[in-house]
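Have a look at the structure below, then the notes.
The values are calculated or read from the model by the stated rules, or taken from the named source; none is laboratory data. Owing to the predicted nature of the structure, the values given are computational and were not obtained by experimental measurement. Here Cβ is always computed from backbone atoms with ideal geometry, including for glycine, and neighbour counts include all displayed protein chains. Quick note on the areas: whole protein, heavy atoms, side chains included, nothing else; ligands and nucleic acids left out. Shrake-Rupley method; radii C 1.70, N 1.55, O 1.52, S 1.80 Å.
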Amino acid sequence: MQQPNLDNPSGNHQNRYRFGPLFWIVLLVMGYLLVTQTNQGPQRTQITYTKFKDFVRQGKIDSVTVQGNAIRGEFSSPYLVVTGGDTSSFDHFQSRKPDFEDQGLIPLLEENNVQVNVQKQESSWLRNVLILLAPWLLLFGLFYFAQRRMRNQARGMMGRGGLFGGMTKSKAKKYKKSDVEVTFNDVAGLENPKKDLQEIIDYLKDPEKYMKLGADIPRGVLMVGPPGTGKTLLARAVAGEAKVPYFSISGSEFIEMFVGVGASRVRDMFKTAKKESPAIIFIDEIDSVGRSRGTGVGGGHDEREQTLNQILNEMDGFERHESVIVIAATNMPDVLDPALTRPGRFDRQITLERPHKKARKRILEIHTRDIPLHSDVDLENLAARTVGFSGADLKNLANEAALLAGRDDKKRVSAQYFDRARDKILLGYEREEILDEEERKHIAYHESGHALMAKLLPAADPIQKVTIIPRGRALGATEQRPEENRHNLGKKYLQDRIKVMLGGRVAEHLHFQEYSNGAADDLQKVTKLARYMISQWGMSDEIGPVTFKQGDEHLFLGRDIQQPREFSEYMAQKIDQEIVAMIKSLEDETQETLKKNEKKLHTIAKALLDKETLSNGDIEELLK
């Protein structure tokens, strides 16, 4: 069966048997060696010159042929040679005269009746030509080979024989219509984004309808949202709904160490997508190539910016009949170059948020449809207890629960495994570390301080669980979860949040009359939150409704280096003083609250030492 030509899939066979000069040089040398090897004559044994003269004196030589210093001849009778136990018989021999003249050789041969033949020393013209031309042919072949490689590299290194063959080919994964099986039915929640994307789907299904009305569909759709909210899944669902080819690539896959490779990959990807029109190009993590130009080191000529320029150029070059939609995803829209988000490019932005309770339940139903659930699993209750979870987090929760049940050889996944999986995701693995009794008391009072403040303060988030079992990097944990995601944070809520975080440190000091390093993480979060409240959110009467930003959240942009601080040293000192004063005042209020409820603090701490883990219901029962 004939194999297909992988280098020429179009069926053009005119260059299939095209050979380079190196091939002909090797072929010529091999032919010469073959001819010389086949014309060596009869098989001969090699003897020394001394032994040759001895054989002449003994009458064992019948005839000789002299050609220069080479002597060939025939024995008068077969000459036996024993090698490693094997015996070989030779009728002919060869030897070599010394370079100095031997005056007695001819008389010796005549004296023993040896027939002497003399041949003129000649060399093959082909051998002479090869000896003269071989070095030049080799240099020419190497030069031709190197020049061909350089020419392929100069053409963009696109060919298979190039120095970096295939490097500039797009790495986008292509999914055919039949390969994309995800639809909107597989995407729970996100109802508003689905509505925004519906006209994109209609356009891909029937572009003529919009063209007749003179409408230009948005060429670029930018999906913005936290990690795990379903940006990639939604893009695939659009392709599944529209039943069009889908090209998927990450922004980082454009970048290589060679300048111009990223731009070549962009050109190749858009060229391929246009041939498959209508089609969708999905660029994940576009912020890796689409960051604002001129903000970092490297100027405007580095590889990343050339790649960005090529993306902008390709999006501007769409013709009306080319039904190609570019969908990009990012969780950092504020770092993108303004040229990307202007009208005509990524002019449509769709925001994806973390799912609400109803959507979380629907997501759990999707991810548990292949998991045999026990009758005690209540997905609505589980959705209520997973506030802040993204779609990816919920998928991970269901998978972890199934893994934990599998380790225990269970046939069904019960509620306890979902609880254990949730604790593992939020708090980490249980550590096998054994703590002494004194350290357990410190941890118990620390977590009791957090829990009691959370129960006493009206604006604090509800408690889910308190534990002194070491998990992950923490020796204990107090878990709080709001009933739903909060978007608008008031001053009273933030102050109570600081008090809850300070409750652990204050409780330790109240009982043991000393502080420990267990509050290090709490103090770091408290200080950061207080700085935001005073310098950016205008929640200080002394500073007033003014924002003073210190640096930029996205340090890789280089803006914190290029932009000077927007306030004076005096104002910086005043902000620091306000932060210290606010935290100290809230700590005093926390200490006063815990002193008034010291008996309740001891009750919770004692229960923690006994049970190690308390739920919200357990704490409410203790405080009755």
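Please compute the Cα-Cα pair-distance distribution of segment 423-535 with 10 Å bins starting at 0, giving whole percents from short to long.
Taking every Cα pair in segment 423-535, the percentages come to 14, 43, 35, 8, 0.
Heavy-atom accessible area per residue, segment 355-432, 1.4 Å probe: how many Å²?
Working: 4220 Å² over 78 residues.
I get 54 Å² per residue for segment 355-432.
Roughly speaking, what is the centre-to-centre gap between segment 345-401 and segment 62-86 when only Cα atoms are used, to the nearest Å?
What the calculation gives is 94 Å, centre to centre.
In the full protein assembly as shown, how much of residue 116 is accessible to a 1.4 Å probe, in Å² to the nearest 10?
About 60 Å², ignoring ligands and nucleic acids.
For the cross-link pairs 395/549; 491/606; 491/595; 491/600; 231/271; 194/395, which exceed 29 Å when the distance is taken from alpha carbon to alpha carbon?
On the way: 395/549 37 Å; 491/606 33 Å; 491/595 24 Å; 491/600 27 Å; 231/271 25 Å; 194/395 20 Å.
Flagged as over cut-off: 395/549; 491/606.
Given the protein chains as shown and a 1.4 Å probe, how many square angstrom of residue 223 are accessible, to the nearest 10?
Roll a 1.4 Å probe over it and residue 223 shows about 0 Å².
Show the residues, 5+ positions off or on another chain, whose built amide H is closer than 5 Å to the amide H of residue 45.
Amide H neighbours of residue 45: 92, 93, 94.
Rounded to a whole number of µm²/s, how large is the Stokes-Einstein D of segment 330-381 at 25 °C and 0.890 mPa s, given Rh as the Kirkwood radius over C-alpha pairs?
Working: Rh = 14.5 Å.
Estimated via Stokes-Einstein, D reaches 169 µm²/s.
At 0.36 nm per residue, and after removing the present C-alpha to C-alpha distance, how many nm does the segment from residue 577 to residue 199 gain when stretched out fully?
Numbers: separation 378, 0.36 × 378 = 136.08 nm, distance 5.43 nm.
Answer, rounded to one decimal: 130.7 nm.
What is the ratio of the Cα radius of gyration of segment 50-106 to 2.2 N^0.38 Å, with N the residue count, to two decimals?
On the way: Rg = 12.6 Å, N = 57, 2.2 N^0.38 = 10.2 Å.
In units of the globular-protein estimate, segment 50-106 measures up at 1.23.
Taking a probe of 1.4 Å, how large is the accessible area per residue of segment 39-100, in Å²? List each step's numbers first, then the result.
Details: 3810 Å² over 62 residues.
Counting only protein heavy atoms, the per-residue value for segment 39-100 is 61 Å².
For segment 175-249, divide the Cα radius of gyration by the Kirkwood radius and give the resulting Rg/Rh value with two decimals. Display every interim value, and only then the final one.
Details: Rg = 12.7 Å, Rh = 13.1 Å.
That ratio is 0.97, to two decimals.
Cα centroid distance between segment 471-498 and segment 207-223, in Å?
45 Å
Considering only protein heavy atoms, what per residue accessible area in square angstrom results for segment 489-548 with a 1.4 angstrom probe? Walk me through the numbers on the way to the answer.
Numbers: 2980 Å² over 60 residues.
Per residue, segment 489-548 has an accessible area of 50 Å².
Using per-residue counts of other Cβ atoms within 10 Å, averaged over each peptide, order 277-283, 474-480, 453-459 from highest down.
On the way: 277-283: 24.0, 474-480: 21.0, 453-459: 18.4.
Most protected by this proxy first, the peptides run 277-283, 474-480, 453-459.
Whose amide H sits under 5 Å from the amide H of residue 348, counting only residues 5 or more places off or on another chain, with H placed in the peptide plane?
220, 222
Residue 80 versus residue 216, label points 7 Å from Cα toward the beta carbon: distance in nm?
10.2 nm
Taking 0.36 nm per residue of separation and subtracting the Cα-Cα distance, what length does fully extending residue 528 through residue 342 add?
Values: separation 186, 0.36 × 186 = 66.96 nm, distance 3.46 nm.
Gain in length upon complete extension: 63.5 nm.
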